[in-house]
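Below is one structure, written out as structure tokens; the observations come after it.
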Amino acid sequence: MLFVYLRRHVVLRSFILYSYLKRYCNLDSRNMQVFTQKRNPITGSTEWDVQHEDYDFHQEIARSAFADMLHDTERNKKYYRVLQLAIERMHSLGKKANVLDIGTGTGLLSIMAAKCGADSIVACEAFKPMAECCLKILHRNGVADKITVIPKRSTDITVGENGDMKERANILVTEVFDTELIGEGALSTFSHAHKHLLEEDCIVVPDSAVIYVQIVECPTLQKWNKLNDLADEDLDIILKTPKKMKECAGSAAVHDIQLSQLPRQAFRELSDQIPVFYYDWSGKTPVDFKRTVRQQFKATNTGKAQMVFMWWELNMDPEGKIVLSCAPWWSHSEADLSSERPQDTVPWRDHWMQAVYYLPREMSLERDKETTLISCQDEYSIWFYLEDEAIEQKDYKRPVCDCGVHMALSRTHVSYLNDGRRSKRFLSQLKEQLVKNAVVLDLNGSSLMGLASAKLGARRVYILEGANFNVAILNDYIKENAIGNVTVVSEVSDDVLEVVTNVTCDPNFSAAVLPWENLKVAYLLYRYGNKLRSMLSVIPEGFELWAMPVEFQDLHKIRIPLDVCEGIDMTVFDSLVESSRLISDAEIEAQPLWEYPCVSRGAPRRLLEIDLCALAPTYATDGANAVADIEVEGTRPVNGFALWSCWRIGGKPISSGPVEWPAVGERVTWDPHSRQAVKILKKSQEVSSADTWSYQVACDLEKGHFNVNVDLVLEH
Ligand code: SAH
Ligand code: ZN
């Protein structure tokens with residue numbers, strides 16, 4: 001389940017491609033049930049669950065970015081237009097138009113080819129369930145006789161009398177790109193196709209691609225990459241970050257992000273956009289599987305080069321007239337810079353974002369001075385260095401983490417630990433509550449608060465942590481900060497429980513994905529129950545679950561049905577996604593909402609409250625709330641709900657949701673250091689002040705189970 005913490009489609013699309021090919025070949029055996037292992041993040045243990053046999057597959061379909069990709073009208077229209085031009089061109093040369101569609105997915109591009117009058121069409125798809133779904137879509141659209149579907153990876157296709165294809169194709173249309181462009185294996189796909197599947201004089205859609213980068217200083221994003229020293233509200237340093245973590249080259253995994261949502265004042269551009277790699281998909285020049293390119297550039301600003309922003313463009317046609325750009329708004333040719341929110345004037349998509357590559361070493365740049373950028377690429381990934389004259393560097397290897405942090409902790413978790421707003425509050429509460437001769441039990445070893453309490457004067461500290469990676473990080477901090485009175489334990493013994501005076505638990509476990517999975521703290525406290533002293537101090541004191549109806553500006557597109565896409569009936573695909581949603585538990589998912597603008601459509605409501613100092617075995621609440629508090633004329637669209645947690649520390653709530661109270665009808669500002677829970681409605685609903693929304697929450701601290709549901713209740 002590790003992929004859940006990684007971000008979406010880069011992972012999902014390749015995950016689908018590589019992991020499920022062999023395992024899930026038959027979608028029609030619908031009633032088989034199997035036992036599956038599921039990790040329960042609240043209890044920390046693995047539980048057996050009876051699931052539909054294709055549970056994992058459905059989870060993938062339900063969470064995959066296919067829908068969002070098909071909602072990307074700019075992408076669809078440009079492919080359609082250029083494919084049409086290619087077919088017309090072949091015909092005008094007096095040739096037949098024989099199309100090969102690699103990675104057909106739903107069959108979209110092949111059906112377009114059929115509508116444009118292609119003479120023959122071969123569609124291949126490596127993910128077998130998708131290939132099956134494709135066949136049904138072809139039938140529904142009445143083009144099944146025109147398109148041959150090969151449920152194979154293109155590199156396994158044979159050409160010849162007894163092969164999968166009788167003859168080579170002269171038009172290739174394919175969309176096998178991810179946020180990193182080549183992460184889905186595009187290089188081998190194109191290279192093989194030109195050698196074995198295509199005629200020499202072929203037209204390829206898209207014709208070519210360019211990767212652009214920009215060197216920037218962005219302390220905000222650096223918080224997602226490197227742990228800072230932990231400071232209190234007087235800015236005194238409580239814990240120093242170990243040197244090896246400060247110097248680590250970082251994770252090789254790309255940070256994919258909706259760069260356009262980054263506040264403009266949060267970063268400083270240190271260079272213009274620099275084209276670093278050109279990819280000729282047309283076959284005229286051979287594919288480079290490995291390359292290193294050195295380029296001089298002039299710094300446009302003085303500042304600290306910390307990272308590289310990257311995006312790419314596809315030249316769809318050979319003349320380069322039709323371009324599909326993933327640039328963020330400030331580098332996008334179609335952005336309306338005079339608009340109040342220029343980021344809303346460029347096409348939105350989530351299946352391709354922009355990527356951030358943290359430089360292995362920060363480097364100061366001076367305006368107008370030349371520096372050398374080193375761009376490296378292998379078969380599936382790219383990475384960057386700046387040439388540093390002070391250091392003689394012989395090879396520019398792909399950065400790997402040797403400090404543990406980048407392997408053990410998600411980027412969001414690292415940024416949470418760097419969030420001074422929270423840590424300062426926690427530290428000041430610790431200072432206030434640590435009794436004389438305090439014995440502290442920290443229930444979360446993926447936080448630094450146990451170590452901090454040792455520094456703040458606790459006599460003895462026990463940190464509960466079972467994950468080896470997290471234990472190693474704690475040990476490095478212990479060494480760096482010369483802490484002598486901390487013991488990391490994987491179980492808390494009764495002897496320890498009896499002497500504990502303070503329990504602390506930064507409510508953010510590295511294994512938690514949804515906000516309430518941090519209720520592990522309540523689960524553990526309940527379990528330890530009467531073995532703990534009665535006069536115990538607990539930080540945080542309480543948990544609250546909040547929810548609010550919203551209208552997402554774009555995020556709903558990753559889930560809502562397609563119905564018709566460029567005149568093609570996609571309802572077969574919609575029902576596949578729908579049945580997958582029902583079988584998998586993908587109804588409520590975690591999203592970093594600061595990247596996905598939404599408007600509040602009703603006042604936030606507290607659904608559940610748990611007092612950590614007086615725990616009950618079970619909690620259950622339900623109810624209904626008016627959508628509008630204030631009388632509003634007419635109706636307003638609602639297409640989802642956002643849910644988040646609030647933890648009470650020192651009597652005050654600390655929200656992992658909105659950073660200020662959201663006004664109904666206005667854009668919400670979300671805490672960037674947490675992911676929120678999101679429910680996307682199948683359909684946007686017009687809601688009036690007569691309508692309500694309902695909720696049910698159940699929490700069982702004995703079993704460590706949590707369930708929540710929210711939904712609209714419409715009067716009309
Ligand atoms: N062509 C569709 C789907 C694009 S998504 C559309 O434009 O809407 C990319 C698809 O290509 C995925 O379904 C993936 O499984 C498939 N794929 C990627 N590389 C492939 C290859 N070399 N051979 C066959 N399928 C491939
Ligand atoms: Zn590291």
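The values are calculated or read from the model by the stated rules, or taken from the named source; none is laboratory data. Remember, predicted model here, so these are calculated numbers, not experimental data. Backbone-built Cβ (ideal geometry, glycine too); neighbour counts: all protein chains shown. Heads up: the accessible areas ignore ligands, DNA and RNA and are worked out on the full protein's heavy atoms, side chains in. Shrake-Rupley method; radii C 1.70, N 1.55, O 1.52, S 1.80 Å.
Some values worked out for this structure:
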item: Of Lys77/Lys304; Lys244/Lys424; Lys115/Lys290, those spanning more than 29 Å from alpha-carbon to alpha-carbon; result: Lys77/Lys304; Lys115/Lys290
item: Paired Rg and Dmax values of the chain, which use every Cα atom, in angstrom; result: 27.2, 92
item: Ordering of 305-311, 605-611 by burial proxy (mean other Cβ atoms within 10 Å per residue, highest first); result: 305-311, 605-611
item: Over segment 237-396, relative contact order from alpha-carbon pairs under 8 Å, at least 6 apart, %; result: 31
item: Relative packing of 198-209, 379-390, which averages over residues the other C-beta atoms within 10 Å, highest first; result: 198-209, 379-390
item: Residue among His192, Ser282, Leu451 farthest towards the positive dipole end of the chain, charges placed on Cβ; result: Leu451
item: Euclidean distance of C-alpha centroids, segment 607-677 and segment 298-329, integer Å; result: 38
item: Rounded if a/c under 1.5, otherwise prolate or oblate - segment 475-555, Cα gyration tensor axes; result: oblate
item: Accessible solvent surface per residue of segment 293-394, calculated while the other protein chains remain in place, 1.4 angstrom probe, Å²; result: 45
item: Aspartates and glutamates with Cα under 20 Å of Lys240, excluding same-chain neighbours fewer than 8 positions away; result: Asp229, Asp232, Glu362, Asp402, Asp419, Asp442, Asp476, Glu480, Asp506
item: Three-way shape call for segment 88-160 based on the alpha-carbon gyration tensor, with the a/c threshold at 1.5; result: oblate
item: Relative contact order of the chain, pairs being alpha-carbon contacts under 8 Å that are 6 or more residues apart, as %; result: 13
item: Whole-number accessible area per residue in Å² for segment 558-619, which is evaluated in the context of all protein chains at 1.4 Å; result: 34
item: Three-way shape call for segment 634-705 based on the alpha-carbon gyration tensor, with the a/c threshold at 1.5; result: oblate
item: Amide H partners (placed H, <5 Å) of Tyr212, local residues excluded; result: Val276, Trp311, Trp312, Glu313
item: Table column - 3J(HN,Hα) (Hz), segment 570-583, Karplus curve with 6.51, -1.76, 1.60, x for Gly and Pro; result: 10, 5, 4, 5, 4, 6, 4, 5, 4, 5, 5, 5, 6, 6
item: Dipole magnitude (debye, nearest 20) for the chain, charges at Cβ of Lys, Arg, Asp, Glu; result: 1100
item: Residues of segment 60-194: accessible area per residue with a 1.4 Å probe, Å²; result: 33
item: Fraction of accessible area attributable to carbon and sulfur, the chain (%, probe 1.4 Å); result: 49
item: Spatial separation of Cα centroids for segment 202-276 and segment 486-511, in angstrom; result: 34
item: Residues Tyr380 and Ser534, FRET efficiency given R0 of 56 Å [Cβ-Cβ distance, rounded to 0.05]; result: 0.45
item: Charge context of Ser375, other residues only, Cβ under 11 angstrom, K/R +1, D/E -1; result: +2
